[in-house]
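Participant: This is the structure I want to talk about, given as structure tokens.
Just so you know, all these numbers are worked out from the coordinates, no wet-lab data involved. Bear in mind the structure is a predicted one, so any value in this text is a computation, not a measurement. Methodologically, a virtual Cβ is constructed for each residue, glycine included, from the backbone with ideal geometry; neighbour enumeration extends over all protein chains shown.
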Amino acid sequence: MAFPAVLTAQSDTKLALKTVCIDPGHGGHDAGCVSRDSKKTREKDIALSIALKLRDKIRAAYPGVKVVMTRSDDRFIPLNDRAAIANKNNADLFISIHIDATTNNTANGHSVHVLGQSSNKNRDLFRSNMELTRRENSVILLEDDYTTKYQGFDPSDPESFIFFNLMQNAHLEHSLDFAAEVDKALGTSKIPRSRGVRQNPFLVLWRTTMPAVLVECGFISNAGDLEVFRSDAGKNSIAEGLFKAFVAFKNKYDNSLKSGGAIPVEARREEPKREDIKPAAPEVKPVAVEEEAPVSGVYYGTQILASGRRRPANDSFFKGHKPKIIWTGRLYKYVVGVSDSLSEARKKNDELQKFFPDSFVVKVDGENVEIVK
Ligand SMILES: [Zn+2]
């Protein structure tokens, strides 16, 4: 198993953001959502058009950046193939482009999503997130054999699935960075209304091994947004917003590496082959809660989870371990197997891998949690 590692800046050009994967949602026999009027405008066509415009803008401005498309024409691509295309091409960023729809035709504006569990603090928002996530994930029902491909994932109940124990966890902060740039830049598009950045369990983001966001550019069910989607200038303004976000993120990403890698870049992990995919480690009934050793100042440990909402230390996800919970200013990070000594923390991580296969060793310094090789 490969561990996430802090890469030291050896060569700027080698480490800069150099491949981006653009994923126009739906395609082929999956139209996505469709406008209710007689024109029957389809999500798959709008998403493709915006994606191609974004591709052309990036290619024109950055000839050195490779732009990989999951599709560049009207064809059906299973959700897990989309992540596989990004992973195989070692993409540094994944952008999935979609259009929203709902029965309430006054709802409008864009929303940006990273992988995670929905927060149910606001019940109405939670319900609308669930409706959206369910709709986007349900496209797997159009695929053959989806139950084995997605390990029994039930699209009608996305919250039932544990998405935590995955590499995407390590990229959450970069994903949130890019999502914030998208949210800001779309404010200058012809669909300027922001519905915010959210964490939701979107299946298409599940197996990506790089910062990844899903953008719902606006609502096909809203007359104003639909008019924007039907005009070339409207779609161009959205592609321009996404492009601005890409530029801002790339500058930040490249600079962080030039300045000595202040933001750790995790080593990529190969997409697991079908036969390598094992079911998640069985739930272990906790005999007693394992308290962490007292530590002070800088210490080391194993990060098993990062999340936007705080989970209690006795949550069953922690399998009987009582993690140190560190608020980093944006995320809660959960660290177990702590020690003042790095080698001791590594030893504990070897054991913890049995229960948390995608966990990794971190150095904790106040609210700073940094991945160590
Ligand atoms: Zn969609």
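Participant: What ranking do 68-77, 19-28 get when scored by the average of other Cβ atoms within 10 Å per residue, highest first?
Facilitator: On the way: 68-77: 16.9, 19-28: 24.1.
Most protected by this proxy first, the peptides run 19-28, 68-77.
Participant: Let me ask something else about it. Under 1.5 on a/c is rounded, so check that first for region 283-371, then, if it is not, pick prolate when a/b is larger than b/c and oblate when it is not; a ≥ b ≥ c are the square roots of the alpha carbon gyration tensor eigenvalues.
Facilitator: Values: a/c = 1.56, a/b = 1.13, b/c = 1.38.
Verdict is oblate for region 283-371.
Participant: Taking 22 Å as R0, compute the FRET efficiency from the Cβ-Cβ separation of A313 and V372 and round it to 0.05. Could you put the intermediate results ahead of the total?
Facilitator: Details: r = 24 Å, r/R0 = 1.07.
Calculated transfer efficiency: 0.40.
Participant: Can I ask one more? By average Cβ neighbour count within 10 Å, what is the ranking of 29-39, 191-201 from highest down? Kindly include the intermediate steps, with their values, before the conclusion.
Facilitator: On the way: 29-39: 15.0, 191-201: 19.2.
Result, highest mean Cβ count within 10 Å first: 191-201, 29-39.
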